[in-house]
Amino acid sequence: MALTATIYKATLTLSDMDRGYYATHQLTLAQHPSETLERMMLRIAAFALHASETLAFTRGLCADDEPELWQKNYADEIELWVDLGEPDEKRLKKACSRSERVALYSYGGRASEVWWSQNEGKLARLDKLEVFRIDFDALQALAALAERSMQLTATIQDGQLWMSSGDQSVLLEPLRLK
């Protein structure tokens, strides 16, 4: 019997003081059976960091040719491609050729550091690519906020993301690698 996705719903109230963007988004996420809570919550954090009216979740792990999030214009051209993890150079080159901007959030702890040291030189020539590292301990704290139905508040200022649920808050500070 095949495992099915677990559905999570989140109301995300966002105050992005860096971009002057203030909105509330109703998000529905399908957690793939092989996806960790940390990765799923990172998808919500990445959404908060790039939020717009046209930013949307994709099929994610179910589709090799799609990112986790993308923002398309009215002509169906990809303006922003947001990916997670430590993908290979070929995937990132393809993303840069298909999109105006690419943001990658690496989160694998020590594995992330090793991946970056092995790929930094190759990725340096991809002008459209931004790479960030998320501290795994902070990501685990973020995963502790996960519930099937969530009321999240996100505040972004000076590149820091504060994510809150009830009386619990977590600080994510994406470290810019490229």
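The values are calculated or read from the model by the stated rules, or taken from the named source; none is laboratory data. For clarity, every value in this text was computed on a predicted model and none was experimentally measured. Every residue, glycine among them, receives a Cβ derived from its backbone with ideal geometry; neighbour counts consider all protein chains shown. Only protein heavy atoms, including side chains, enter the accessible area calculation; ligands, DNA and RNA are left aside. Shrake-Rupley method; radii C 1.70, N 1.55, O 1.52, S 1.80 Å.
Quick notes
- Residues that are in contact with a strand residue (DSSP E or B) (Cβ under 8 Å, 6 or more places away or on another chain) and either closer than 24 Å to Pro87 by Cα or surrounded by 15 or more Cβ atoms within 10 Å (Cβ to Cβ) (or both), drawn from the range 142-158: Leu142, Leu145, Ala146, Met150, Leu152, Thr153, Ala154, Thr155, Ile156
- Contacts under 6 angstrom Cβ, first residue in the range 132-158 being more than 17 Å from Ser15 (Cα to Cα) and touching a residue at least 24 places away in the same chain (Cβ under 8 Å), partner of a type in the set (A, V, I, L, M) and assigned to a loop (DSSP other than H, G, I, E, B), 6 or more apart: Arg133/Leu177
- Considering residues of the range 142-160 that are part of a strand (DSSP E or B) and small (Gly, Ala, Ser) only, the residue farthest from the chain's Cα centre (by Cα): Ser149
- Thr6 vs. criteria polar (S, T, N, Q), open to solvent by 50 Å² or more (accessible area, probe 1.4 Å), over 16 Å from the mean Cα position of the chain (by Cα) and closer than 19 Å to Leu145 by Cα: no
- Subset of the range 116-141 that is in a loop (DSSP other than H, G, I, E, B) and touching a Cys at 6+ places or on another chain (Cβ under 9 Å) - its residue that is least open to solvent (accessible area, probe 1.4 Å): Leu126
- Test: residue in the range 14-22 that is in contact with a Ser or Thr (Cβ under 8 Å, 6 or more places away or on another chain), of a type in the set (Gly, Ala, Ser), over 25 Å from Asp135 (Cβ atoms) and surrounded by 13 or more Cβ atoms within 10 Å (Cβ to Cβ): no
- Count of the range 36-60 residues which are in a helix (DSSP H, G or I), open to solvent by 10 Å² or more (accessible area, probe 1.4 Å) and touching an Asp or Glu at 6+ places or on another chain (Cβ under 6 Å): 1
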